[in-house]
Amino acid sequence: FQESDIYELMASEYMQMGDTVKYVETLYAGADRFPKSKYFIPNLVNVFIRNGENDKAMEYLDTAIKNDPTNACDLNSVKGALLAEKGDFKGAEEEYKKALVQDENCERALEALAVNYILQAQDLKEVTATISDRKEQVENDKKTIELYEKSLPYLEKFADKLADRNADTTELDGALMKLRNVYYNLSMLGVDKSKELEKVEEQLGVSN
C-alpha cells in the first residue's frame, strides 16, 4: 500500500459509516498531504458543490487543475458548469474549450459547450420577443442563429460519440432531443434544417 491508499480507505470507511465530518476531515488531510491525487480534491469539490459552497469548489478546482492538467476533461468541465450556473457563459466556454484541447472527445465538454450556446440563444430569443423595434429584432435573430449554429458541431459530435459506443437509449435520446430543438429553432429563424430535423426525428421515432 501507498500511504495515500490508507487515507482513501479511511475516507471511504467514514463515508460508508455515514460520518460526514470525519469523511471531510480525511479528504482535507489527504488533499493537503497528496495534492496530486485524483481522489481527495475531486471528492472535496463534490462535497462543496452539494453544500452550495461554489466559491470553495472553484478554489479547489483551480488547485486540482494546476496539479493534474491531464484530467482537464472532468475538472475543467466541472469548473465550466459552475461558471455557467453563475451566468458567466464566456468563462464557461473557455473552460469547456480547455477541456477539449486536452481531450477532443471529452463528452462532458462537448455536451456542455453546446448547451452553453443553446442557453444563450434561448435567452436572446426571449428578449427579442419583448421588443418591438424591427431592426433590433433582426440583429438579435442574427446573433441567435450564430449561437445555435455554434452549438451544432459539438452537439452533433456528442451524439455521434454516444451512438458509436452504444450508449444507453435515454442518454442518446437526450442528445437527439437537443439536436431536434436546435434544428427546429434554426428552421424557424430561416435556416433550412428540414433534412437534419427529419433525420433526427426518425431516430427518435417522432414527427412534427
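The values are calculated or read from the model by the stated rules, or taken from the named source; none is laboratory data. Fair warning: this is a prediction, and the values are worked out from it, not measured in the lab. As a convention, Cβ positions derive from the backbone with ideal geometry for all residues, glycine included, and neighbour counts pool all protein chains shown. Please note that ligands, DNA and RNA were not included when accessible areas were found on the heavy atoms of the full protein model with its side chains. Shrake-Rupley method; radii C 1.70, N 1.55, O 1.52, S 1.80 Å.
Listed values, structure above:
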{"item": "Pair list, Cβ under 9 Å, 6 or more apart: segment 187-203 residue within 17 Å of Leu155 (Cβ to Cβ) and among the charged types (D, E, K, R), other residue in a helix (DSSP H, G or I) and open to solvent by 70 Å² or more (accessible area, probe 1.4 Å)", "result": "Lys193/Tyr184"}
{"item": "Residue list for segment 164-208, filter: assigned to a helix (DSSP H, G or I) and over 26 Å from the mean Cα position of the chain (by Cα)", "result": "Met188, Ser194, Lys195, Glu198, Glu202"}
{"item": "Residue match in segment 138-149 (condition: farther than 18 Å from Ser187 by Cβ and either of a type outside the set (Ser, Thr, Tyr) or open to solvent by less than 60 Å² (accessible area, probe 1.4 Å) (or both))", "result": "yes"}
{"item": "Any hit, segment 154-162, residues being under 20 Å from Lys199 (Cβ atoms), in contact (Cβ under 8 Å) with a residue 40 or more places away in the chain, among the charged types (D, E, K, R) and buried (at least 19 other Cβ atoms within 10 Å of the Cβ)", "result": "no"}
